[in-house]
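To keep things clear, I will list the structure first and then write my remarks on it.
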Amino acid sequence: MAEIEGENAEVDAFCRKLYTEPPKLAVIEQVNSRPLPLRGYESLEIVHSRPDGTTRAFVPPDVATCGECLREVRDPDDRHYLYPFTNCTHCGPRFTIIFDVPYDRPRTAMAGFTPCSSCQAEYNDPSHRRFHAQPVACPDCGPRISVLDKNGRPITVKKGWQNFFFHRMCQGKIFAVKGLGGYHLACLLDEEVVAELRRRKKRPCKPLAVMCASLETVERLCVLTSPEAELLQSPAAPIVLLPLKKGALVPRNISPGLMTLGVMLPYTPFHHLLLRGPFSAMVLTSANPTDLPILKDDAEAIQGLRGIADYFLVHDRPIVQRCDDSVVRVAAGDVQFYRRSRGYVPKPVDLAFEAAEVALGAGAEMKSTFCLISGRQAIMSQHLGEMGTVESARFYSESLGHFLRFFKLQPGIVGYDAHPDFHVSAWARELPQVVKIPVQHHHAHFASCLAENGYGGRAVGAILDGTGYGSDGAVWGFEVISGDFLNFQRHYHQRYVHLSGGESGIRWPWRMALSYLYSSMAEKALPLARGLFPERAAWELKAVAREISGPLQWLPTSSCGRLFDAVSALLGVCRENTYEGQAAMELSELVPDDAGPLDPYPFCLGDNEIDFLPMFPALLRDLKKGRDKKLIARRFHDTVAGAVTEAVALVCRSERTDTVALSGGTWHNAYLLATVKRELGKRELNVLTHRHVPPNDGGLSLGQAAVAYWRWKENVPGHTYADYQS
Ligand code: ZN
Ligand code: ZN
Ligand code: FE
């Protein structure tokens, strides 16, 4: 709140300027003004914020280092020269260092550092850009870097940590580096070193992110367009997926089987300093044991990275909130999130409706996030990762606790996935004093897309993903539905095939290939499979075939992810998913940009089934003829795009709606997205896609919260949940 005194014209000008020239990072949601009696102020006075328990605090996301701070860090005459924790009101850590609101230094990880007189003077000076910058620090008063050996014992470095880091990195050593929201592993961009990192981390194929010193370095490695350059340089400084440049000197094992590279620019002075030596790019990947949250405490990191890191580069500013790097890309002309975390969280997503009760979306089992809907805002958590371990459950509840405290919210409603085995769903079902509303997985994806687009009407949804628990108990994943926040109707789904081996069917795409072949051509499938998968033993293939034909073990699935797996395996692109979505991703990257017109393969649109079985004999003929796999991949993509477009258009006509929502992890497939968007556009349909939250399960919690809220709101009059506790 501000009290402004002066002539009418001056006061008006001040209010106008708030909108036209706000401070760099200010987010103006609303300006309310009213006349006040004259007080005769003589000077500018700042009255400190008080935790009064009524106003909703704004907790800002972390912000990448600004140009002015960077200049100081590089200026030998400045007191911040080479200081890794330099920041100001325009930049620096926020979300990751705050443990309570209002956002003042004593309630941050900087509480233990007393500012020196120079820092205090800048903090107190209204004309200085460090005026009221809570995390201000300098070499005299702020956090410091130290080096530890692989066992966590401090090492004395004679010529400074930077020199030590450069020297050992160039020898091929692997460093654990404490960053903003957790630990990273850093190593040289070198084939052998990367292979060693992969071996130690037991992560054979998952793409690793690269941090580049500057935009010029990025351009040497990747093809860069201006929206991508803008994203890289934005205050959020996410990892941006970029096409690799032909002939660029990037070791192939950084993103095996893919034509893209995840790149980011330094976002703290510390990171800038790491790249101010003999190399201008390095691998920088989040350090977490498989399926566990990103590591944040020194002891936990030393324990968790035993046998992986040769050295630890640490500092004494605690990390309060774990927060992974965000991952985005530009697809079909828009920003698309793979992971919405550091730099974006906890900035709310605007809604087009005003919620009268606080609704929590509990999230999914993988790529989990939670979401709190309150008023006209949806507040999404950072990426919480895979659920199902003690550590991830603790991370989840700690983060939820923080958010409820930060935003002073108490949910009255919880929406959760209807899957009987999801850990977060089990937890949600036990929550006391809350209305509990199960939400079908694909309905939640659909609602998430409607909500972030500010659309409240009826629409048709094409929801394509890997795994979702269906209302009939089957594993859904290729669904054309219609509905709104309240309800949905399933119009088309991919014809069910058998999910061979459950979890191991997801790991081994050849099992799904055999499943499709068997459904398509019965007994003839087995001899074919022997030729296609010579690396599998005959008994193994037979066992899977027997399983498919045995009615007792029938596990039906309409998953789009499994269809891509099957084709990926048939083409020999990928026969083991070592990370989620690998086979589908590698297949999608095979599609050539300019192959001219090709006919799609045959498919069948039944009363409520989309049947891809007729595609398989034709695809196998192409394979047998030795046709280019890129062209087969392209024909397959066109087949899927054609089926989606046709089914959606039919449902739009029967349901008399012209709005279509595309959601689910499959929509990360850039070719599919662009093609379907274009084809639906030709039919004059209004296509909604995800631009603010991920289309994958990372965006699911928003849809769960929206559906739960509207079901609660429409079913029962009144606004208290006590009415429904029967
Ligand atoms: Zn700054
Ligand atoms: Zn200082
Ligand atoms: Fe999903």
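The values are calculated or read from the model by the stated rules, or taken from the named source; none is laboratory data. Keep in mind that this is a model prediction, so the values were computed, not measured. Positions of Cβ are backbone-derived with ideal geometry, glycine not excepted, and every protein chain shown enters the neighbour counts.
Numbers for the structure displayed
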{"item": "Residues located in region 110-139, provided they are of a type in the set (Asp, Glu) and in contact with a His (Cβ under 7 Å, 6 or more places away or on another chain)", "result": "Glu122"}
{"item": "Boolean, Leu598 is in contact (Cβ under 8 Å) with a residue 24 or more places away in the chain, farther than 23 Å from Arg562 by Cα and over 33 Å from the mean Cα position of the chain (by Cα)", "result": "yes"}
{"item": "Residues of region 187-203 classified as in a loop (DSSP other than H, G, I, E, B), at pLDDT 95 or above and out of contact with any helix residue (DSSP H, G or I) (no Cβ under 9 Å at 6 or more places or on another chain), total", "result": "1"}
{"item": "Subset of region 551-572 (residues that are farther than 21 Å from Trp476 by Cα and surrounded by fewer than 18 Cβ atoms within 10 Å (Cβ to Cβ))", "result": "Gly572"}
{"item": "Residue match in region 379-401 (condition: more than 30 Å from Lys150 (Cβ to Cβ), without any contact (Cβ under 8 Å) to a residue 24 or more places away in the chain and under 20 Å from the mean Cα position of the chain (by Cα))", "result": "yes"}
{"item": "Some residue of region 403-420 being under 29 Å from Thr108 (Cα atoms) and under 21 Å from the mean Cα position of the chain (by Cα)", "result": "yes"}
{"item": "Strands (runs of 3 or more DSSP E) completely within region 356-446 that count 1 or more residues being closer than 26 Å to Arg342 by Cα and in contact with a strand residue (DSSP E or B) (Cβ under 9 Å, 6 or more places away or on another chain)", "result": "371-380, 413-417"}
{"item": "Count - residues of region 685-725 that are within 21 Å of Gln410 (Cβ to Cβ), of a type in the set (Val, Ile, Thr) and either within 16 Å of ligand 2 (Cβ to nearest atom) or modelled with pLDDT of 95 or more (or both)", "result": "1"}
{"item": "Meets criteria (surrounded by 18 or more Cβ atoms within 10 Å (Cβ to Cβ) and either away from ligand 1 (no atom under 16 Å from the Cβ) or outside any helix (DSSP H, G or I) (or both)) for Val157", "result": "no"}
{"item": "Lone qualifier among Gln171, Gln162 - being surrounded by 15 or more Cβ atoms within 10 Å (Cβ to Cβ), at pLDDT 95 or above and assigned by TED's automatic domain parsing to the domain that holds Leu197", "result": "Gln162"}
{"item": "Matching residues in region 473-493 - criterion: being farther than 15 Å from Val651 by Cβ and either within 16 Å of ligand 2 (Cβ to nearest atom) or crowded, with 20+ Cβ neighbours inside 10 Å (or both)", "result": "Val475, Trp476, Gly477, Phe485"}
{"item": "His128, sole failed condition from (1) within 15 Å of ligand 1 (Cβ to nearest atom); (2) touching a residue at least 12 places away in the same chain (Cβ under 8 Å); (3) part of a loop (DSSP other than H, G, I, E, B)", "result": "(2)"}
{"item": "Yes/no for Trp476 being closer than 23 Å to Gln582 by Cα and either assigned to a loop (DSSP other than H, G, I, E, B) or within 16 Å of ligand 3 (Cβ to nearest atom) (or both)", "result": "yes"}
{"item": "Residue match in region 498-515 (condition: over 31 Å from the mean Cα position of the chain (by Cα), in the same structural domain as Val640 (by TED's automatic domain parsing) and in contact (Cβ under 8 Å) with a residue 40 or more places away in the chain)", "result": "yes"}
{"item": "Which numbered condition Cys119 misses (of (1) touching a helix residue (DSSP H, G or I) at 6+ places or on another chain (Cβ under 9 Å); (2) surrounded by 20 or more Cβ atoms within 10 Å (Cβ to Cβ); (3) not acidic (Asp, Glu))", "result": "(1)"}
{"item": "Set Glu479, Glu523: member being within 13 Å of Ser559 (Cα to Cα), charged (D, E, K, R) and more than 16 Å from ligand 1 (Cβ to nearest atom)", "result": "Glu479"}
{"item": "When residues of region 663-696 are limited to those that are of a type in the set (A, V, I, L, M) and part of a loop (DSSP other than H, G, I, E, B), the one farthest from Ala364 (Cα to Cα)", "result": "Leu685"}
{"item": "Members of region 97-125 found to be without any contact (Cβ under 8 Å) to a residue 60 or more places away in the chain, more than 11 Å from ligand 2 (Cβ to nearest atom) and polar (S, T, N, Q), listed by number", "result": "Asn124"}
{"item": "Residue within region 79-94 that is more than 21 Å from Ala213 (Cα to Cα), among the charged types (D, E, K, R), within 14 Å of ligand 2 (Cβ to nearest atom) and touching a residue at least 12 places away in the same chain (Cβ under 8 Å) present", "result": "yes"}
{"item": "Which listed residue is assigned to a helix (DSSP H, G or I), under 18 Å from Leu514 (Cα atoms) and in contact with a strand residue (DSSP E or B) (Cβ under 7 Å, 6 or more places away or on another chain), from Leu620, Leu563", "result": "Leu563"}
{"item": "Which numbered condition Gly454 misses (of (1) within 22 Å of the chain's Cα centre (by Cα); (2) away from ligand 3 (no atom under 16 Å from the Cβ); (3) assigned to a helix (DSSP H, G or I); (4) not acidic (Asp, Glu))", "result": "(3)"}
{"item": "Residues located in region 497-519, provided they are part of a helix (DSSP H, G or I) and either surrounded by fewer than 20 Cβ atoms within 10 Å (Cβ to Cβ) or among the basic types (Lys, Arg) (or both)", "result": "Glu503, Ser504, Arg507, Arg511, Ser519"}
{"item": "Residue in region 268-285 that is outside any loop (DSSP other than H, G, I, E, B) and farther than 19 Å from Phe175 by Cα present", "result": "no"}
{"item": "Residues satisfying the stated conditions in region 59-73, i.e. within 13 Å of ligand 1 (Cβ to nearest atom) and either within 16 Å of Gly179 (Cα to Cα) or out of contact with any Leu (no Cβ under 8 Å at 6 or more places or on another chain) (or both)", "result": "Asp62, Val63, Ala64, Thr65, Cys66, Gly67, Glu68, Cys69, Leu70, Arg71, Glu72"}
{"item": "Options Ile319, Ile302: the member that is assigned by TED's automatic domain parsing to the domain that holds Ala186 and not in a helix (DSSP H, G or I)", "result": "Ile319"}
{"item": "Residues being under 30 Å from Tyr311 (Cα atoms) and part of a loop (DSSP other than H, G, I, E, B) - total across region 131-146", "result": "10"}
{"item": "Any hit, region 79-100, residues being at pLDDT below 95, buried (at least 16 other Cβ atoms within 10 Å of the Cβ) and away from ligand 3 (no atom under 16 Å from the Cβ)", "result": "yes"}
{"item": "Residue in region 101-122 that is modelled with pLDDT of 95 or more, among the aromatic types (Phe, Trp, Tyr) and not in a loop (DSSP other than H, G, I, E, B) present", "result": "no"}
